[in-house]
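Below: one structure, written as structure tokens.
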Amino acid sequence: MNRTPVRRRRLSVAAALGTLVAALALPVGLLGASAQAGENVPGQAGQNARAQAGQNARAQAGGLRDYAAAAGVHIGTALSEGRLGETAYANTAANEFNAITAENSMKWESLEPTRGSYQWAGGDRVVQFAQDNGAIVRGHTLVWHSQTPPWLTPGAFSNAELRTIVQNHVQTVAGRYAGDVYAWDVVNEPFNEDGTRRNSIFQQQLGDGYIADALRWARAADPNAALYINDYNIEGINAKSNAMYNLARDLLAQGVPLDGIGMQAHLIAGQVPSDFQANIQRFVDLGLDVAITELDIRMQLPATADKLQAQAADYTRVMNACLNVDGCIGVTVWGVTDKYSWVPDVFSGYGAALPIDENYAFKPAYYAVQRTLGGPGNPTNPPTDPPVGNGCAVRYTVSNQWNTGFTTSVTVTNTGSQALSNWTLTWTFPSGQRITQAWNGTATQNGANVTFTPASWASTLPAGGTANFGFNGSHTGTNTAPTQFALNGVACTTA
Ligand code: XIL
């Protein structure tokens, strides 16, 4: 109909990857039926003399990628080419992942630091690594308000000039990597949390139509890449994902070349949206592919065995949300190792967000992912069923409220079978509340995210035990109660 047959749904991804895996002579048992299907493998038509997929550096089979290929999805990672000199980094990236996203080197500031003068070395290195290792490349990203070069400032150019600049950038970059890139995040993060358009330079000067334009320009430059819009906090059904849904529906109705939606999924342990799968499904029902593009699940540091188990259960939830929907074509985690994750730099006090730790050891989350893909899971520590809110119960009562302020009392019950020492309770405020004063402990707030740490005399919560604390806060007119709490990273029920 309105789109050329470039979209690669799950079967086709499997075919592309299966062909690559077959070329690498990996155990046939891991391939499944998908290896039989034939399709052009992205990455064959590089402009530079890049290595063919068969000349790979992979040392061993049995990585996540092998199970993913058999399951018909990709499992990817963000890659920083500057780290490839570290053997463990390069080997882990090669062995575990069959999709690669440049963590930074295909962003506008990296590729075009000076207007019209392109620096391809970093992006090319990422493509080369992917091709050497039989992985697909997710291109990230053509039009984004962040990590733009210093010369691209609002008002520096007329609207008409800016439009030409964006068109040139999109077409130059998409053209350069045509044949190498499986999918492009053509537009990244176009929405605010409330579903309005983010006031980026592109929105300000080019108006609503910049997204359709960028998609069309990308399609013209690379007719074979799947074209995506990518954003964060669109994993659950909420104002922002509704806006994305409406945009996608409208673009498709207008015949704009849109093939998929990327859900970044920078998540907090204990707060995986319960409607993640339903949300993926509604986009697929529009006829789009969905990819989870930047998955990490952060926790408050230090990581403990409990928190790591809870995180593993969250990884299982995310993987299943994707695997249960035909048309969710793969999952990319945002980094090879906790050692270089962006999380601690950006979310103060948080970290340990990836399946592989800072020493390249596999965490419970790694085995959880492996198990969802049909692998054996952790041989020495078999996973338990995800503790879906069976470890704690929270009662959140607003005892007093006035025009800009409120007082809340919180009761948390440890419904698990083990006492918790040094517990913390985390939640996210839905409507911009700020805590001004807490009692029976300390509340630290980072944007909408709150971590409550009890006073030392209340820091142990016996099995079946209850703790009570409270706080005063401010609000801006609405004071919607939070509904998702986590005790030491394990989701709680609310009453
Ligand atoms: C992050 C990188 O991981 C960091 O190294 C960099 O300093 C900032 O950007 N959403 C995106 C990604 O689309 O490009 C961001 O990556 C993380 C949030």
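The values are calculated or read from the model by the stated rules, or taken from the named source; none is laboratory data. Computed from a prediction, not measured in an experiment: that's the story for all the values here. We place every Cβ from the backbone using ideal geometry, glycine too, and count neighbours over all the protein chains shown. For the accessible areas, the whole protein counts, side chains as well, though only heavy atoms, and no ligand, DNA or RNA atoms are used. Shrake-Rupley method; radii C 1.70, N 1.55, O 1.52, S 1.80 Å.
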Which of the residues belonging to segment 196-223 are open to solvent by less than 20 Å² (accessible area, probe 1.4 Å), outside any helix (DSSP H, G or I) and either in contact with a helix residue (DSSP H, G or I) (Cβ under 7 Å, 6 or more places away or on another chain) or among the aliphatic types (A, V, I, L, M) (or both)?
Asp222
Residue under evaluation Met106, criteria (1) closer than 29 Å to Asn233 by Cβ; (2) without any contact (Cβ under 8 Å) to a residue 60 or more places away in the chain; (3) not polar (S, T, N, Q), criterion not met
(2)
Checking the condition modelled with pLDDT under 90 and in contact with a Gly (Cβ under 8 Å, 6 or more places away or on another chain), which residue from Leu420, Leu487 passes?
Leu487
Residues within segment 436-462 that are loosely packed, with under 13 Cβ neighbours inside 10 Å and not in a strand (DSSP E or B), tallied:
4
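In segment 327-357, what residues are among the polar types (S, T, N, Q) and within 12 Å of the ligand (Cβ to nearest atom)?
Thr332, Ser341
With the structure loaded, tell me whether Arg371 is away from the ligand (no atom under 16 Å from the Cβ), modelled with pLDDT of 95 or more, more than 15 Å from the chain's Cα centre (by Cα) and not β-branched (Val, Ile, Thr) or whether it fails that test.
In short, yes.
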Expected output for segment 465-486 (first residue open to solvent by less than 10 Å² (accessible area, probe 1.4 Å), partner among the charged types (D, E, K, R), Cβ below 6 Å, 6+ apart or cross-chain) is Gly473/Arg434
Candidates Val412, Val398, filtered to the one that is among the aliphatic types (A, V, I, L, M) and farther than 25 Å from Asp314 by Cβ:
Val398
Which one is farthest from Thr172 (Cα to Cα) among residues in segment 124-142 that are more than 12 Å from the ligand (Cβ to nearest atom) and among the β-branched types (Val, Ile, Thr)?
Ile136
How do the pairs read when you match residues in segment 149-161 that are closer than 11 Å to Trp108 by Cβ with residues anywhere that are open to solvent by 70 Å² or more (accessible area, probe 1.4 Å) and of a type in the set (Lys, Arg), using Cβ under 6 Å and keeping only pairs 6 or more apart or on different chains?
Trp151/Arg115
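Residues Leu251, Leu267: which one is at pLDDT 95 or above, in contact with a Pro (Cβ under 9 Å, 6 or more places away or on another chain), within 22 Å of Gly139 (Cβ to Cβ) and of a type outside the set (Val, Ile, Thr)? Walk me through it before giving the result.
Details: Leu267 fails: within 22 Å of Gly139 (Cβ to Cβ).
The unique qualifying residue is Leu251.
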For residues that are away from the ligand (no atom under 16 Å from the Cβ), open to solvent by 20 Å² or more (accessible area, probe 1.4 Å) and modelled with pLDDT of 95 or more, tally how many sit in segment 149-194.
19
Given the options Asp314, Asp296, name the one that is buried (at least 22 other Cβ atoms within 10 Å of the Cβ), away from the ligand (no atom under 16 Å from the Cβ) and acidic (Asp, Glu).
Asp314
Boolean, Gly76 is open to solvent by less than 10 Å² (accessible area, probe 1.4 Å), in contact (Cβ under 8 Å) with a residue 60 or more places away in the chain and part of a loop (DSSP other than H, G, I, E, B):
no
